[in-house]
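Please read the structure below before turning to the comments.
The values are calculated or read from the model by the stated rules, or taken from the named source; none is laboratory data. Note that the coordinates shown come from a computational prediction; the quantities given were computed from them, not determined experimentally. Glycine also receives a Cβ, built like all others from the backbone with ideal geometry; neighbour counts cover every protein chain displayed. The area values use the complete protein model at the heavy-atom level, side chains included, leaving out ligands, DNA and RNA. Shrake-Rupley method; radii C 1.70, N 1.55, O 1.52, S 1.80 Å.
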Amino acid sequence: TSLNLEQYVSEFSAQNINGEHLLQLDGSKLKALGMTSSQDRAIIKKKLKEMKASLEKARKAQEKMEKQREKLRKKEQEQLQRKSKKTDKSSSDATEGTNEQ
């Protein structure tokens, strides 16, 4: 509708074309859905290409954030392990000092 192609809405709805299906459509599938105008198909294909690029960009950004979170988690775990080792060592040193006296 936002592309001024509302004449195809009823056929797309009748064929249960949702967002995921829409992204899978190519020129021949659009034609089979009754989109006879090559200009209309070109408009849809251009918009689909933009949408796919946008989705890919969002997916990559999500992956990057997940990697950063994982890196932070590992860093925090390493710091906790170092603290734990220091605590164990100082507790062990204190015990040895008591035993020597």
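In table form, for the structure just shown:
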item: Count of residues meeting criterion [within 19 Å of L55 (Cα to Cα) and assigned to a loop (DSSP other than H, G, I, E, B)] in the range 4-36; result: 4
item: Hits in the range 55-86 - residues which are open to solvent by less than 90 Å² (accessible area, probe 1.4 Å), within 30 Å of L3 (Cβ to Cβ) and of a type outside the set (D, E); result: A58, A61, Q62
item: Of all residues in the range 25-54 being touching a residue at least 12 places away in the same chain (Cβ under 8 Å) and within 22 Å of the chain's Cα centre (by Cα), the one that is surrounded by the fewest Cβ atoms within 10 Å (Cβ to Cβ); result: K52
